[in-house]
Amino acid sequence: MKNTKSIRPFHLLCLFCRIGRGTPLELRHGKTIEELLTYVREHPEAMLELNCNCANVYSVQNPGPGDDVGGPLLNKRRDLRILRFLGMTPGQAKPASDLIEQTVDVIKTTEGLCSSGVGSEWQGCPYADKGYFEKSCKVPYGISVLPRPSEASRLEIKRCTSESMECCDKLRIRPHHLLCMSCFYGRGIINDNLKPIQEDNLFEAIHRMQENPGIPVQLVEGCCMICPPCSRYKTEGNLCLGGGMALRDELKDLEVLHRLGMSYGEEHPARELLQKLYSSIPNVHAICSFGMDADTNGTPCITNEWRPCGSLSERQQSGEAAYRIARLHNLGVGTSQEP
């Protein structure tokens, strides 16, 4: 679906301010914000293009001052500062869910953005010092703007999908989830706490393989049987709305396939696939540590979309240790693979 909507960068802040206030913003673009709020809630996967006014080569995308709140110089400075915080440039677009989650991740206050300075050119928004934005952005992942599925519905999805996996005759798994399963298994062994969790079906996939080492595993593109219980999974379209994960997870999938010499759609018995995996991928650093080191071209990966897996951060090296255990045990599925 090619569905792109142009907004000003500061509209992202207005969404949080609107939620914190609890009623529509009494500003000339208040109706625009109401429409935008409805739109992103109905279409969190839709692309939002950030356009702002500037006096340089990017001026080709200038939207004009129609939605300005306050002085003209404050508006230009605010939009450009928001873009800098987001690591973006005028005219770039991202899915609404990613942008909203990233906004609350990097901007904690409207101070210095929307508040007034000296003179009419620097007049700010009347809501800047009300605390509405700060109140709303305390909720993680932008949930105040983009509510997640209810706990009851997620529990039901978890029950149904886990039961389905217990009796399925084939597992459909995206390639990089084999690595996630491995780290999950290894951490469970380390902590003596290998059991199901609400957020995904990693345990269920591991258990099914252990019960039936010969079960066919098909490597699929996009979200798979692991994903439905996740609070960021969208059933319509089978989409992940996980704060930038879409790109890095797809690249991880392709990296795994590349190392295995396989393609999407291939299927192999679980035991054999895992033996091939652990033979071809002795560690997960190169695949899962986006942003932790410079990439192979010497360019640091610093944007939200290329963040490394949290278990591979400099402060928490448990991911590699857990993967080594899974590799040694072949995930508890048949023959082990010596390191």
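The values are calculated or read from the model by the stated rules, or taken from the named source; none is laboratory data. All figures in this text were calculated on a predicted structure; none of them were measured in a lab. Cβ: placed from backbone, ideal geometry, glycine included. Neighbour counts: every protein chain shown.
Details
- Any hit, the stretch 191-207, residues being part of a strand (DSSP E or B), modelled with pLDDT of 95 or more and under 25 Å from GLY265 (Cα atoms): no
- Filter result for GLY91 (in the same structural domain as VAL40 (by TED's automatic domain parsing), part of a loop (DSSP other than H, G, I, E, B) and modelled with pLDDT under 95): no
- Close pairs (8 angstrom Cβ cut-off, 6 or more residues apart or separate chains): closer than 21 Å to LEU219 by Cβ in the stretch 156-181, among the β-branched types (Val, Ile, Thr) and part of a helix (DSSP H, G or I) anywhere: PRO175/VAL256; HIS176/VAL256; HIS176/ILE287; LEU178/VAL256; LEU179/VAL256; LEU179/ILE287; MET181/ILE206
- Summed over the stretch 213-239, residues that are part of a strand (DSSP E or B), touching a helix residue (DSSP H, G or I) at 6+ places or on another chain (Cβ under 9 Å) and surrounded by fewer than 21 Cβ atoms within 10 Å (Cβ to Cβ) total 3.
- Boolean, PHE133 is in a helix (DSSP H, G or I) and either surrounded by fewer than 18 Cβ atoms within 10 Å (Cβ to Cβ) or touching a residue at least 40 places away in the same chain (Cβ under 8 Å) (or both): yes
- Residue count, the stretch 110-128 (criterion: over 16 Å from PRO9 (Cβ atoms), surrounded by 14 or more Cβ atoms within 10 Å (Cβ to Cβ) and out of contact with any Leu (no Cβ under 7 Å at 6 or more places or on another chain)): 3
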